[in-house]
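The values are calculated or read from the model by the stated rules, or taken from the named source; none is laboratory data. Just so it is clear, the structure is predicted and the values come from calculations on it, not from any experiment. Cβ: placed from backbone, ideal geometry, glycine included. Neighbour counts: every protein chain shown. The accessibility values were calculated without ligands, DNA or RNA, using every heavy atom of the protein model including side chains. Shrake-Rupley method; radii C 1.70, N 1.55, O 1.52, S 1.80 Å.
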Amino acid sequence: MLYVGGSLARSARQLLPKQVQRSLLSACGVNRPYAHLPGLASRQCLETEILPWMGDRCRSTLFVGTASYTWHYETLFRADRYTTLDIAAGAAVWGARHHIVAPVQELSRHRQPGFFDGVILNGVLGFGIDTEQQMRRTFEELHRVLAPCGLLVVGWNTDRHQDPEALGVFGGHFARVTEARWAGRRCFPPETHVYDVYQRTGQ
């Protein structure tokens with residue numbers, strides 16, 4: 001069988017071109033649970049404001065977490081400057097041409113220090129990165145792979161866990177950007193999803 005347990009069988013992933021895999025998965029209804037996402041104000045903000053803004057400012061960008069509703073984000077960036085990462089091997093079908101299969105806490109095994117100018121960490125806190133220790137390790141690793149003054153967008157849900165900034169998990173590695181448009185938290189009531197934008201600090 002090509003389609004097993006919500007994803008393509010390993011043999012299909014190895015043999016079929018990525019576009020064919022995506023078409024098969026879409027035909028099997030993998031996108032159905034996410035049909036509501038394009039209508040959310042938070043998702044519209046990400047796709048029409050945040051990602052283009054990052055694309056204009058960052059030579060090399062990392063997007064953490066891939067799914068059937070994120071594959072087209074690559075079109076907003078130069079293909080040679082956009083990288084995706086996901087811990088699940090099956091999620092690579094939705095990833096960019098440059099894709100890493102690994103936990104975000106192990107990113108420096110795959111990219112050298114200062115490699116990225118921007119990172120988008122959206123919908124990951126509380127959905128796999130859950131404890132304070134995991135969060136601290138994540139932001140330590142992102143600090144390593146971001147260039148000085150690199151940008152970090154953190155999208156998270158206020159009903160999933162405490163405010164990461166209030167928890168102190170950034171460890172002094174990041175400070176809020178000062179650009180007026182992004183200096184404050186972006187909220188979309190009644191949604192619980194918010195965006196915070198930071199800049200890498202220190203050496």
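Details
- Test: residue in the stretch 25-45 that is touching a Leu at 6+ places or on another chain (Cβ under 7 Å), modelled with pLDDT under 85 and either assigned to a strand (DSSP E or B) or buried (at least 21 other Cβ atoms within 10 Å of the Cβ) (or both): yes
- Residue check, residue 136 open to solvent by 60 Å² or more (accessible area, probe 1.4 Å) and within 28 Å of residue 183 (Cβ to Cβ): yes
- Residue in the stretch 86-105 that is in contact (Cβ under 8 Å) with a residue 24 or more places away in the chain, closer than 19 Å to residue 194 by Cβ and not aromatic (Phe, Trp, Tyr) present: no
- Exactly one residue out of 181, 185 is surrounded by 13 or more Cβ atoms within 10 Å (Cβ to Cβ) and among the basic types (Lys, Arg): that is 185.
- Test: residue in the stretch 189-203 that is over 23 Å from residue 52 (Cβ atoms), in contact with a Pro (Cβ under 7 Å, 6 or more places away or on another chain) and crowded, with 17+ Cβ neighbours inside 10 Å: no
- Check on residue 167, out of contact with any His (no Cβ under 6 Å at 6 or more places or on another chain) and closer than 18 Å to residue 81 by Cβ: no
- Looking across the stretch 103-124, just one residue is at pLDDT below 95 and among the hydrophobic types (A, V, I, L, M, F, W, C), and that is 124.
- Residue count for the stretch 141-158, restricted to those that are in contact with a Gly (Cβ under 9 Å, 6 or more places away or on another chain), surrounded by fewer than 24 Cβ atoms within 10 Å (Cβ to Cβ) and farther than 24 Å from residue 43 by Cβ: 5
Matching residues to (1) out of contact with any helix residue (DSSP H, G or I) (no Cβ under 9 Å at 6 or more places or on another chain); (2) touching a residue at least 12 places away in the same chain (Cβ under 8 Å); (3) more than 23 Å from residue 57 (Cα to Cα):
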{"position": "139", "(1), (2), (3)": "no, yes, no"}
{"position": "145", "(1), (2), (3)": "no, yes, no"}
{"position": "150", "(1), (2), (3)": "no, yes, no"}
{"position": "154", "(1), (2), (3)": "no, yes, no"}
{"position": "158", "(1), (2), (3)": "yes, yes, yes"}
{"position": "163", "(1), (2), (3)": "yes, no, yes"}
{"position": "170", "(1), (2), (3)": "no, yes, no"}
{"position": "174", "(1), (2), (3)": "no, yes, no"}
{"position": "180", "(1), (2), (3)": "yes, no, no"}
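- Residue check, residue 130 modelled with pLDDT under 95, farther than 22 Å from residue 194 by Cβ and surrounded by fewer than 19 Cβ atoms within 10 Å (Cβ to Cβ): no
- On the stretch given as the stretch 88-102, residues that are at pLDDT 95 or above and buried (at least 18 other Cβ atoms within 10 Å of the Cβ) total 2.
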